[in-house]
Amino acid sequence: MFSVCGIIGAVLVSGQVAPLIRQSLKRLEYRGYDSSGIATVKEGRIHIKKDKGKIDDIHRRLNFDALPGLIGIGHTRWATHGPPSKSNAHPHIDCFNHIAVVHNGIIENYQELRESLVDQGHRFLSETDTEVIPHLIEVALQKTKRLDKAVAKILPKIEGSYAIAVIDTSGKTLVCARKESPLLLGLSESGYYCASDVPAFLPMTRQTIVLEDDEIACLTANGAALYRLTPKGVLAQLPLRTPTTVQWTLDMAEKGGYPHFMLKEIHEQPRALRDTLRIRKDDLCKFAGVLNNHQIICAIAAGTSYHAALASKYMFSQIAGRFMHSVVASEGPEIIDNSLGGDAVVIAVTQSGETIDTIHAIKNLKRQGCTILAITNTVDSSITRLADGVLYTQAGPEIGVAATKTFVTQLACLASLSIHLGELTGKLQPKEASQLFDELYRFPNLLQSIIRNQEGLVKETAQHYVAKPSFFFLGRGISRATAMEGALKIKELAYVHAEGYPAGESKHGPIALVEEGFPIVFVAPNDRTRRFILGNVMEMKSRLAQIITICSSGDNHLAELSDRVIMMPPALSNVFSPIGYVVPLQFLAYYAAVQRGYSPDQPRNLAKAVTVL
Ligand code: GLU
């Protein structure tokens, strides 16, 4: 299961649907979000209540439960297009308030669609990508006269990801569909449901069917019908699959059936990455333009975000030919106060947008005249109010204290930026830039295959070394950042001492600690550093260390030198390698923690957003 914010739709045999939808949205609240809304239909009219804020607060103000009718849709929004506000909150409607839509996902081509709809005279009320959907349906419905057929007609026009639920004034049928965003059906005698995640309808039913990509479901009070969507936008009826019975408790359902949020979030990384790689090109180009216009580029961050900043230093130099300073936020004031001014642009990288070390450093730099850009996962956070420009990673809420999916999405943002910057600096020809983008776009699928193929092996490796009190994590070049992140993860989760170090530097001190059986994790993609890391492996091996290598599949030489090998797809051996190579290290830390009896979701002495200096 995925954990982006969610949608719910319900059609009941009797009673009132709004209170049930409100409670369903409430059960999705553990994910956190910025606004929500509900639409229902009664007697040929659509009724909507929506606003910015938390469900209970909105409910207190607007009374969701007063919405009439047996059929309705609800949404909790994690803004991607347009800030959190009443007008941007879902549901969205067509020009005549005849159609209401909730959507989870990102429509990549919404600008073209919106422009052409505006040319046809449609009126838009929000800044969201979503709003094109009700207007497109409005046009199609004039011809098809049936909501399901109209939805089918317009979906092939939409590029990007979606899970949608749609109602119209006919008030009988709820139409839902998905592509790359999750959607489940819930079936019961008292009604039919669709939702992004099981907790939404768990108290009503345990009978579910997972909707697949390019499938459309029509729900009425008495049944569900399933269709495959043809590329021409025609519905081809499918037999209704036998529902599975979900055995989870609510707590288990919130974790998507995983024992911990952290494991769920590791598994969500392909999706998080895919969504982040959909960030609007215009926004990235604007960001890259600002970077290009400044003489000095600096990234400032703390913890795992600092490792993303460190990795991007290598990307910026290798891809864009620009040197970037990366600074630990708490050290910022000591290093850069009074030495940076108007010719500097500073990128603050922070998952929560509230990391006080980063905010503190940024406030000073702003006073000094620096331009501030932010990369964060949290809409409306403090950093977004301080920054001159913001890019949002599309990780969705991260609940495990240890950062996982926010790290890979920060890296994806920084990687995309470095390519755009490379085009602006002239280091990259357009063809080279598009080749690099192609390589980057392959990562979500590659991550999927790592997760599928390597989890078991890493778990077993963690078990093998469970009694070891100390580890080294070594890497060269950009893999130094990956190694440091691996060390941080095992330290914070399994409470094992670990040093993340540049492999080449290890002989200048740390090697003194190495003795027989000392475990050393080498992060060794088959990139330009590969031939040097061999020497470091040999040095450690001759001191009888245990060598655990994460390397490119087919690298038999490294494999022969190692006691344990985790093989990675060869396509990951480039300047974006940390995005993939960090995954086995996250698993290693997770399983080391679990095997040592610790809770990986709440490591001791740590908090998700560190708001003390
Ligand atoms: N892209 C849509 C928006 O920004 C949907 C976001 C979501 O999945 O909550 O409104």
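The residue pairs whose first member lies in the stretch 63-92 and is open to solvent by less than 10 Å² (accessible area, probe 1.4 Å) and of a type in the set (Gly, Ala, Ser), whose second member is within 12 Å of the ligand (Cβ to nearest atom) and part of a loop (DSSP other than H, G, I, E, B), and whose beta carbons are closer than 6 Å, counting only pairs six or more residues apart or on different chains, are ALA79/ASP34; ALA79/VAL379.
Sort out which residues of the stretch 235-248 are open to solvent by 30 Å² or more (accessible area, probe 1.4 Å) and in contact with a strand residue (DSSP E or B) (Cβ under 9 Å, 6 or more places away or on another chain), and write them in order of number.
Here is the first cut: in the stretch 235-248, the residues open to solvent by 30 Å² or more (accessible area, probe 1.4 Å) are 235-245, 247-248.
LEU235, ALA236, GLN237, LEU238, PRO239, LEU240, ARG241, THR242, PRO243, THR244, THR245, listed by residue number.
Scanning the stretch 94-111 for residues being open to solvent by 40 Å² or more (accessible area, probe 1.4 Å) and within 16 Å of the ligand (Cβ to nearest atom) gives a total of 2. Residues that are open to solvent by 10 Å² or more (accessible area, probe 1.4 Å), of a type outside the set (D, E, K, R), more than 17 Å from PRO243 (Cβ to Cβ) and touching a strand residue (DSSP E or B) at 6+ places or on another chain (Cβ under 9 Å) do not occur anywhere in the stretch 183-192.
Tallying residues that are of a type in the set (Asp, Glu) and without any contact (Cβ under 8 Å) to a residue 60 or more places away in the chain within the stretch 150-177 yields 1. Of all residues in the stretch 345-395, those satisfying the criterion of being out of contact with any His (no Cβ under 6 Å at 6 or more places or on another chain), in a strand (DSSP E or B) and not polar (S, T, N, Q) are VAL346, ILE347, ALA348, VAL349, ILE372, LEU373, ALA374, ILE375, GLY389, VAL390, LEU391, TYR392. All of (1) assigned to a loop (DSSP other than H, G, I, E, B); (2) of a type in the set (Asp, Glu); (3) buried (at least 20 other Cβ atoms within 10 Å of the Cβ) hold for GLU138 with one exception: (1). Of the residues GLU127, GLU115, the single one that is within 12 Å of the ligand (Cβ to nearest atom), over 23 Å from HIS47 (Cβ atoms) and open to solvent by 10 Å² or more (accessible area, probe 1.4 Å) is GLU127.
Restricting the stretch 566-608 to residues that are among the small types (Gly, Ala, Ser) and open to solvent by 40 Å² or more (accessible area, probe 1.4 Å) leaves a set whose member that is nearest to ILE419 (Cα to Cα) is ALA571. Apart from one condition, ASP563 fits all of (1) open to solvent by 10 Å² or more (accessible area, probe 1.4 Å); (2) within 20 Å of PRO469 (Cα to Cα); (3) modelled with pLDDT under 95; the exception is (3).
What number of residues within the stretch 437-476 are closer than 28 Å to ARG528 by Cβ, open to solvent by less than 30 Å² (accessible area, probe 1.4 Å) and part of a helix (DSSP H, G or I)? Don't jump to the end; show me each part of the working.
First pass over the stretch 437-476, keeping only residues closer than 28 Å to ARG528 by Cβ: 437-451, 453-454, 457-458, 461, 471-476.
If we keep only those that are open to solvent by less than 30 Å² (accessible area, probe 1.4 Å) too, we end up with 437, 440, 443-444, 446-447, 449-451, 454, 458, 461, 471-475.
Filter again for part of a helix (DSSP H, G or I), leaving 437, 440, 443-444, 446-447, 449-451, 454, 458, 461.
The qualifying residues number 12.
The values are calculated or read from the model by the stated rules, or taken from the named source; none is laboratory data. From a predicted model like this one, the values you see are computed outputs, not experimental measurements. Note that we place each Cβ from the backbone using ideal geometry, even for glycine, and neighbour counts take in every protein chain shown. With ligands, DNA and RNA removed, areas are computed over all heavy atoms of the protein, side chains included. Shrake-Rupley method; radii C 1.70, N 1.55, O 1.52, S 1.80 Å.
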